[in-house]
Ligand code: G2I
């Protein structure tokens, strides 16, 4: 907005003098118009994200709150904070049952004083545990874990927008399995126990699962996906999934598709620890991540893991939006432009069904059509189910898969098998569709995705 001269400014007055009284009126009109046309364009990351109904945050260590260059940028540009280390177990409970909240509280106060959201990070993690925790196991450790969740979530009750209840519980590599850790060895149900305990302590906070290397469709993200789907089916309280997005020099091509498949399970998604190696692709990748979030309705915000390059845990990669002198980098401008122009809050075209080739039934029944995104060796399919002129109470969509294709995951429907001709039956919450209404389900797999128009049977 700096370039728009305002009525009282010297620039405006000198221009009005040159133009005379009639010219002054025109100048007012021009200035007003200019102000109006830029009114919806945010001039900072936070305000631009807010225009799109989202937040833009940064990870902040408490000791940097006394660095005025740091807080100058933070308070101007960001409207959410994640404490970088201050709410981790070693920081909040250094000895058993002795809680220390000083630095965490400092960050929360700063956020509140500046109208920023706080993402709580993190209640349970295999790393950064105090020594006393590392010496426990079995039911003693399980009790200590749940006590920790209860105490910390209760201390911050009502002040946290979203908690990373559990951080990084899945293994890297192709197994899609849980990571081995002292927490995991207390029993596979430790994650759901943590979510239920956190919900009881702070019912208003959104409860997230957070992880890295889950930024495309791969074995690890599918492992997390299956857990979230299972939690939703069984009523375990989970509200969001965090994608850390510590990225190198390429963005997974299915980054947005991956966010969308989680969102389709009925959880919010958030980019929680974004940083990207500096190089020729940095600004483009930052823009692409921002656009992907804007294109997924349930992507509620983006957090970068630090403010300036020298604040980063990987400072050698210069991975952030401000350089070490606090100047805006090209990546900053790319993000701001993407926030101001890139996308809306409506879902992207890729999830919008193509025009129906079969007309909807005139009396009763349902129709279904497919949107398929493929890559060599795999695919994701979205199926759009539409009711005819009367309401549908239960539906089944039959899809015949090409030979060799195997379904590896289905959401919002129950498949009868994993290959050949598969009947997808509605699940509890999406069986009833009003007259003319619609619902979506999806599946992914290996091999070649389906094509054509599937059959849909109501009832
Ligand atoms: O490793 C990057 C991030 C991956 N996802 C979870 C995040 O919580 C994690 O953040 C980093 C912090 O940025 C570092 O600042 O987590 C590290 C710990 O695993 C943090 O580093 C630690 C140092 O290892 C400790 O020596 C130091 O005492 O920071 C501590 C506090 O300054």
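Please specify each residue of the range 389-401 satisfying the condition of being within 13 Å of residue 435 (Cα to Cα) and without any contact (Cβ under 8 Å) to a residue 60 or more places away in the chain.
Passing the criteria: 389, 390, 391.
Got at least one residue in the range 402-417 being buried (at least 21 other Cβ atoms within 10 Å of the Cβ) and touching a residue at least 60 places away in the same chain (Cβ under 8 Å)?
The answer is yes, given that some residue of the range 402-417 is buried (at least 21 other Cβ atoms within 10 Å of the Cβ) and touching a residue at least 60 places away in the same chain (Cβ under 8 Å).
The rows are residues; the columns are (1) modelled with pLDDT under 95; (2) within 16 Å of the ligand (Cβ to nearest atom); (3) part of a helix (DSSP H, G or I).
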| position | (1), (2), (3) |
| --- | --- |
| 163 | no, yes, no |
| 166 | no, yes, no |
| 191 | no, no, yes |
| 195 | no, no, yes |
| 208 | no, yes, no |
| 228 | no, no, yes |
| 238 | no, no, no |
| 241 | no, yes, no |
| 251 | no, no, no |
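Which condition does residue 175 not pass, out of (1) farther than 22 Å from residue 96 by Cα; (2) within 16 Å of the ligand (Cβ to nearest atom); (3) surrounded by fewer than 16 Cβ atoms within 10 Å (Cβ to Cβ), if it passes all the others?
(2)
Which residues, taken from the range 266-315, are surrounded by fewer than 19 Cβ atoms within 10 Å (Cβ to Cβ) and either within 16 Å of the ligand (Cβ to nearest atom) or part of a loop (DSSP other than H, G, I, E, B) (or both)?
Within the range 266-315, 266, 277, 279, 280, 281, 297, 310, 313, 314, 315 qualify.
Let me confirm something: among 184, 112, 129, 151, which residue is within 16 Å of the ligand (Cβ to nearest atom) and over 21 Å from the mean Cα position of the chain (by Cα)? Step through it out loud before you land on a result.
Working: 184 fails: within 16 Å of the ligand (Cβ to nearest atom); 112 fails: within 16 Å of the ligand (Cβ to nearest atom); 151 fails: within 16 Å of the ligand (Cβ to nearest atom).
Result: 129 is the single residue among 184, 112, 129, 151 that is within 16 Å of the ligand (Cβ to nearest atom) and over 21 Å from the mean Cα position of the chain (by Cα).
Out of the residues in the range 316-350 meeting the condition of being part of a helix (DSSP H, G or I) and modelled with pLDDT under 95, tell me which one is surrounded by the fewest Cβ atoms within 10 Å (Cβ to Cβ).
In the first step, residues of the range 316-350 are kept if they are part of a helix (DSSP H, G or I); the result is 316-317, 330-341, 349-350.
When the remaining residues are screened for being modelled with pLDDT under 95, the result is 341, 349-350.
Working: 341: 11, 349: 9, 350: 14.
Going through the qualifying residues, I end up with 349.
With the range 44-101 as the region, which helices (runs of 4 or more DSSP H) entirely inside it contain at least 2 residues that are in contact with a strand residue (DSSP E or B) (Cβ under 8 Å, 6 or more places away or on another chain)?
Ranges flagged: 45-51, 68-77.
The values are calculated or read from the model by the stated rules, or taken from the named source; none is laboratory data. Every value quoted in this text rests on a predicted model; they were computed, and no experiment measured them. Note that we place each Cβ from the backbone using ideal geometry, even for glycine, and neighbour counts take in every protein chain shown.
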